[in-house]
Amino acid sequence: MRTAFSTLGVPGLPVPDVVRLAAVHGYHGVELRAHPEEPVHPGIGPAERAEVAAAFAAGGIEILGLAGYARVAAPGDDGPVLSEIRALLDLARDVGAPYIRVFPGGGAEQSSPEADATAARRLGTAAEYAADVDVRILLETHDSHPTGADAIRVLGAVGHRHVGALWDVMHTWLGGEQPHETYPALSPYLGYVQVKDIASAEDRTPLPLGSGVLPLTECVEVLSRHDWDGWLCWEYEKRWYEAAAPLPELLGPGREHLARLLGESA
């Protein structure tokens, strides 16, 4: 398994500095938060996109994916959601990212079947364009669909190889699902895994990996047991918790903790 970190943990940091952090601390890749607050988002032009791709290539670091904010199950018209996804797919193609992240985002006014159907319809439509640009759309286990069991209701209905799953270990745990239950559900669709750590369900302030309550050991064990060889991406939510310790000083110990878990599960 290869390791990456998300730029959610280093809000607004310029791309050259992100690449340097990854290289110095031994990470293989970076997940880029694709938001107007950040250096990389769908509003940047062709020259800037080329510069981003060149900076990562020169540093020997891969762009794992673009973490977008499209909400595929949200109530409302399909058009704006599909346009948002298409813009993310174009950006991913231009910078060389193999994945984009979308959220479920179902509303409280919807029934589960309604939210599932909305998400599956939009993802099925977007999948055709994703295939054209050879980028996979990953539905994150999050908000209205926090568990693997929730996500597969949508992914099974879509049934397209360019639509898959992003396993956020915190949300499946908050949803009452353990890794040995999540992996079999998501394995046919799994793009990569987001790891993190928190103190409790009530206090989700990000912590150094291994110092909280999330089942990271069990997660790595189940992945290793099934010979899964994808990416582990550390999503440290500094952007939402300004009082959290700075991520750069934690990156080295975090990678070492993941390496230790991988070694113990081998």
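The values are calculated or read from the model by the stated rules, or taken from the named source; none is laboratory data. Only a predicted model underlies this, so the values are computations on that prediction, with no experimental measurement involved. Cβ atoms come from the backbone with ideal geometry, glycine included; neighbour counts cover every protein chain shown. Areas reflect the complete protein model, heavy atoms only, side chains present, ligands, DNA and RNA absent. Shrake-Rupley method; radii C 1.70, N 1.55, O 1.52, S 1.80 Å.
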- Item | the range 77-134 - Rg (one decimal) and Dmax (whole number), Cα, Å | 12.4, 38
- Among the DSSP beta bridges whose two residues both lie in the range 142-266, what percent are antiparallel, rounded to the nearest 5? 10 percent
- Query: What is the antiparallel percent of DSSP beta bridges lying wholly in the chain, to the nearest 5?
  - Reply: 5 percent
- Task: Compute from the Cα atoms of the chain the Rg and the Dmax, the latter being the longest Cα-Cα distance, and quote both in angstrom.
- Result: 17.4, 48
- Query: Excluding ligands, DNA and RNA, what is the solvent-accessible area per residue of the chain at a probe of 1.4 Å, expressed in Å²?
  - Reply: 40 Å²
- Task: Return the ratio Rg/(2.2 N^0.38 Å) for the range 1-74, where Rg is computed over Cα atoms only.
- Result: 1.09
- Under 16 Å by backbone N from the virtual spin label 7 Å along Cα-to-Cβ at Ala117, the residues of the range 37-81 are 73-78
- Rounded to a whole number of µm²/s, how large is the Stokes-Einstein D of the range 196-237 at 25 °C and 0.890 mPa s, given Rh as the Kirkwood radius over C-alpha pairs? 219 µm²/s
- Task: Sort the following peptides by mean Cβ neighbour count (other Cβ atoms within 10 Å, averaged over residues), highest first: 142-150, 225-233, 178-186.
- Result: 142-150, 178-186, 225-233
- Over the range 1-155, what percent of the accessible surface lies on carbon and sulfur atoms, probe 1.4 Å? 55 percent
- For the range 120-182: rounded, prolate or oblate by the Cα gyration tensor [a/c cutoff 1.5]: prolate
- Note on the structure: The correct pair for the range 8-162, radius of gyration to one decimal and Dmax as a whole number, both in Å and from Cα atoms, is 16.0, 48
- Message: Once each part is reduced to its C-alpha centroid, what is the distance from the range 193-266 to the range 171-189 in angstrom?
- Response: 16 Å
- Please state the charge dipole magnitude for the range 1-82, taken about the Cα centre, from unit charges on C-beta atoms (+1 on K and R, -1 on D and E), reported in debye and rounded to the nearest 20. 240 debye
- Query: Classify the range 123-266: rounded, prolate or oblate, from the alpha-carbon gyration tensor (a ≥ b ≥ c, eigenvalue square roots; a/c under 1.5 rounded; otherwise prolate if a/b is larger than b/c)?
  - Reply: prolate
